[in-house]
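Asks: The structure is given below, and queries will be raised subsequently.
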Amino acid sequence: MRSITQLARILVGLLFIFSGFIKLNDPVGFSFKLDEYFAPDVLNLPFLQPYALAFALFVVILEVLLGIALLLGHWKRLTAWLLLGMIVFFTFLTFYSAYFNKVTDCGCFGDAIPLTPWQSFGKDVILTVLILLIFLNLQYIRPVLGKVARQGIMLLSLLACAFMGYYVLNHLPLMDFRAYAEGKSITEGMKSAEELGLQPTTYLTIYTLKHKENGEAVQVDSERYVAEKWWEKKEWEIQSELTETKVKSHGYEPPVHDFLLLMEDRDITEEVLQMDNVFLVIAYNVNKSDAEGFAPMVDFAKAAEGAGYKTIGLSASLPDRVEQFRHEVQTPFPFATADGTTLKTIIRSNPGLVWLQKGVVKGKWHYKDVPAFEELSSRL
C-alpha cells in the first residue's frame, strides 16, 4: 500500500501542476469556461459571472500549489482536504456538463488537450479514486525536504504563479494552442473533412415514435428508420419535439468554424482572407473593451492606411452600439460583425490586433503591446 500511495501521490501531483500551468498560461480562456458554467441555463449562478476571471486565477494557482505541496509532502493533511474538495467540485461540474450536455469542453487542460464532457468526467473519477487513496493513507506521506526548504519552494511557486498570471493578463498567453495561433492558416482550418479527403464525424438522428392507439413509445435511429421503412407504419407517429442527434463516429472536424464576417449584411469573409495584408482590430464586446486601449490601435491604423494597408474592426456587439463606440474612440476604420465566441478564441485581448496575410495569422498583439506600424513595414 505504501508504494501504491506514493505512485498516486506522484501522478496526482504532476497532473495538478500540469493542469494548473496549462490554464495559468491562459486564465482568460478558463474564465470564459467558468462564465459558461455560471450562466442561467447551466448552474444559474449569474451573480458569479463578473468574478469569473478572479475565480479562474485563484483556482489555477491553487491547482499548481496543491500539486507542488503534495509532491513535497508539505501540509499534507490540509493539502489532502483541499485536493479532495476541489476534485469533488470538478467531478460534479464535469458530470453535470456531460449528462445535460451544457458545456461541451470543460477546459480542464485549456486548448492544449481538448476533452469531451464524458472524457473529462472519466478523468475526474480516476483522480477522485487516487486522491481518496492518498487521503486514507496519509501516514505514508513523508516530507521530501526540511520545513524551511519546503516553505521556500511554496513561496517561490506562489510568486512565480502570480507573476505569470499578471504577465499573460497584460500581454498574451505564452503558448497559443488555438487554431488562430501565429503561423496558422484560417483558410486551411476552415476546410471540411471531404475537402481534405478525411473521414468526417458522422451522426445519427434518434426519432421517438408513439403508437396512436396504445400510446407506446419507442426510439428508432435514422438508419433503422430507413432500413425498416418505419414511415410505412401509419400507426406510429414521430414526436418531433423529442427528436435528437447523436454522434455515431468521431472523425475530422475543422478547427476553425463560425469564422464569418459581415459588414452591412454583406459577407466579406472570403474577401478578407484573400487580402495580401489586412489588420483586424478585435473587440468582442465594446462595452467591456478598454477604451484607452484603442489609442494605439487608432495610431497604428492611421499609419497603415497611409501606407495603403486596410484595417477592419471586428465585434459581436450590436451595430448601433459599435457605431456609437467608434465615434467615442475616434476609430478611422469600419467595423464588421462576427461571432463573439470566435473573436474570444482568436485573441485574448479586448481590444487586440491581428495581422492576416492571405488568411495566415502573421502576428497578434495585446493592446498594451501594439507595435508602431514602421516596425512591421519591412515585413509587409
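Asks: Go through the range 185-195 residue by residue and turn each phi into a ³J(HN,Hα) via Karplus (6.51, -1.76, 1.60, θ = phi - 60°); whole Hz please, and just put x for glycine and proline.
Replies: In residue order, the calculated couplings are 9, 5, 4, 5, x, 8, 5, 7, 4, 4, 5 Hz.
Asks: Turning to a different aspect of this structure: Quick one: 3J(HN,Hα) in Hz for the range 274-281, Karplus 6.51/-1.76/1.60 with θ = phi - 60°, rounded, Gly and Pro as x.
Replies: 8, 5, 4, 8, 8, 10, 10, 9
Asks: Can you grab the distance from the C-alpha centre of the range 1-21 to the C-alpha centre of the range 332-355, Å, no decimals?
Replies: After rounding, the separation between the Cα centres reads 39 Å.
Asks: Residue 202 versus residue 246, label points 7 Å from Cα toward the beta carbon: distance in nm?
Replies: Inter-label distance under the simple model: 1.6 nm.
Asks: For residue 248, list long-range residues whose amide hydrogen, built 1.01 Å from N in the peptide plane, is under 5 Å from its own amide hydrogen.
Replies: Residues meeting the amide H criterion: 202, 203, 204.
Asks: Taking 56 Å as R0, compute the FRET efficiency from the Cβ-Cβ separation of residue 188 and residue 142 and round it to 0.05.
Replies: 0.60
Asks: What FRET efficiency, computed as 1/(1 + (r/R0)^6) with R0 = 22 Å and r the Cβ-Cβ distance, is obtained for residue 44 and residue 88, rounded to the nearest 0.05?
Replies: 0.65
Asks: Among the listed pairs 23/147; 191/288; 123/344; 33/362; 302/368; 33/76, which have their C-alpha atoms separated by more than 25 angstrom in this model?
Replies: 23/147; 191/288; 123/344; 33/362; 33/76
Asks: Can you sort 284, 252 by how many other beta carbons sit within 10 Å, fewest first?
Replies: 252, 284
Asks: Where both partners of a DSSP beta bridge lie in the chain, what percent of those bridges are antiparallel, to the nearest 5?
Replies: Of all bridge pairs located within the chain, approximately 75 percent are antiparallel.
Asks: Here is a follow-up. Where nothing but the Cβ of Lys and Arg (+1) and of Asp and Glu (-1) is charged, how large is the charge dipole of the chain around its Cα centre, in debye to the nearest 20? Don't jump to the answer; show the numbers that get you there.
Replies: Numbers: 35 positive and 42 negative charges, 440 e Å.
Result for the chain is approximately 2120 debye, rounded to the nearest 20.
Asks: Spin-label point model (7 Å from Cα, Cβ direction): what's the residue 360 to residue 377 distance in nm?
Replies: 2.4
Asks: Continuing with the same structure: If you take Rg and Dmax of the Cα atoms in Å from the coordinates, which of (1) 25.3, 80; (2) 20.0, 61; (3) 21.6, 69 do you get?
Replies: Evaluating Rg and Dmax of the Cα atoms in Å on these atoms matches (1).
Asks: Still on this model: How much length would be gained if the chain were fully extended between residue 171 and residue 54, taking 0.36 nm per residue of separation minus their Cα-Cα distance, in nm to one decimal? Please report the intermediate quantities before stating the final value.
Replies: Working: separation 117, 0.36 × 117 = 42.12 nm, distance 1.68 nm.
That pair, residue 171 and residue 54, stretches by 40.4 nm at full extension.
Asks: Take the chain, connect every pair of alpha-carbon atoms lying under 10 Å apart with a spring to form a Gaussian network, then pick out the residue of 360, 59, 218 with the largest mean-square fluctuation.
Replies: Among 360, 59, 218, the largest mean-square fluctuation in the Gaussian network model of the chain belongs to 218.
Asks: By a straight-distance test (C-alpha under 18 Å), which lysines pair with residue 246 as possible cross-link partners, with residues fewer than eight away in the same chain excluded?
Replies: Here the lysines satisfying the reach criterion relative to residue 246 are 102.
Asks: Once the Cβ-Cβ distance between residue 78 and residue 288 is put in as r, and R0 is 41 Å, what FRET efficiency do you end up with, to the nearest 0.05? Walk me through the intermediate numbers first.
Replies: Numbers: r = 37 Å, r/R0 = 0.90.
About 0.65, to the nearest 0.05.
Asks: For the chain, what relative contact order do you get, as a whole percent, if you take Cα pairs closer than 8 Å and at least 6 residues apart?
Replies: Reported relative contact order: 15 percent.
Bear in mind that the values in this text are calculations on the coordinates, not laboratory data. Please read all numbers here as calculations on a predicted model, not as lab measurements. Every residue, glycine among them, receives a Cβ derived from its backbone with ideal geometry; neighbour counts consider all protein chains shown.
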